[in-house]
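Student: What follows is a structure written as structure tokens; I'll ask about it next.
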């Protein structure tokens, strides 16, 4: 019998050999990223130092202009057009010259008063009762000295004369103030009056303002000193109107007699106030003395 071959038979244990586990290390990853970043940074800085235009090549050049000068031709052209328009306006709409006291003119129609307003103290407070000049603002308490502060009762509430005109916006404004003549100093009256006129003219330069000179009073026997004071006051009213370029009408002369005082035909003997004849004379003078 042939000898059987010796066979080495190895029996496995049935268990597979396990490979060693690969453990993940977060610190190792951080170290790897840090080293990579450092290496890139070193390479980047070396290139930047070797090439002076490196940053411009990478990001492009940036130009910052501190001052921007407008196009000279355009600016000159715009200025020339503006000046031309201003010259054209000045040519087509010349500024009217004011002559005071307002000279006699062709009589305006009665409807003229529809666009007029009167600010007055006790002097012409009854104007609306005797004439068709019906838009009258005033009170017994109002006068030249307190005209900027005294409030009057109107359809818009109890307000000052200035505030009322700001609301009403009349085309023509007439002002008669001076009932405090002989009581308050003339210069202080004019100063306060001037302030009102200046404020009104500044607020509404398109409005025609007529300062009415104070009418004379009836002489007391031989004493006509109050009318002399009124004449002084009216002279300063005229100067005020010239200064602020508003109109002034001589309603004093319209009611003055040869003796320089108020004629008896203009006085109501019972009330000692102006009568219908006086108011008719004043409105007639207004209609024939418009700018």
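The values are calculated or read from the model by the stated rules, or taken from the named source; none is laboratory data. Note that the structure is predicted; figures quoted are calculated from it, not measured. FYI the Cβ positions are ideal-geometry reconstructions off the backbone, even for glycines, and counts take in every protein chain you see.
Student: Looking at segment 248-288 only, could you name the residues that are more than 18 Å from residue 123 (Cβ to Cβ) and touching a residue at least 60 places away in the same chain (Cβ under 8 Å)?
Tutor: 287, 288
Student: For a quick check of your reading: which helices (runs of 4 or more DSSP H) sit entirely within segment 113-218 and have at least 2 residues that are touching a residue at least 24 places away in the same chain (Cβ under 8 Å), touching a helix residue (DSSP H, G or I) at 6+ places or on another chain (Cβ under 8 Å) and under 28 Å from residue 257 (Cα atoms)?
Tutor: Working: elements: 127-130, 161-168, 186-203.
Passing ranges, in order: 127-130, 186-203.
Student: What tally of residues in segment 205-223 results from selecting those that are farther than 21 Å from residue 103 by Cα and buried (at least 16 other Cβ atoms within 10 Å of the Cβ)?
Tutor: 2
Student: Would you confirm whether any residue within segment 234-247 is assigned by TED's automatic domain parsing to the domain that holds residue 163 and farther than 20 Å from residue 100 by Cα?
Tutor: no
Student: In segment 146-166, how many are under 19 Å from residue 116 (Cβ atoms), exposed (fewer than 14 other Cβ atoms within 10 Å of the Cβ) and at pLDDT 95 or above?
Tutor: Here the count works out to 0.
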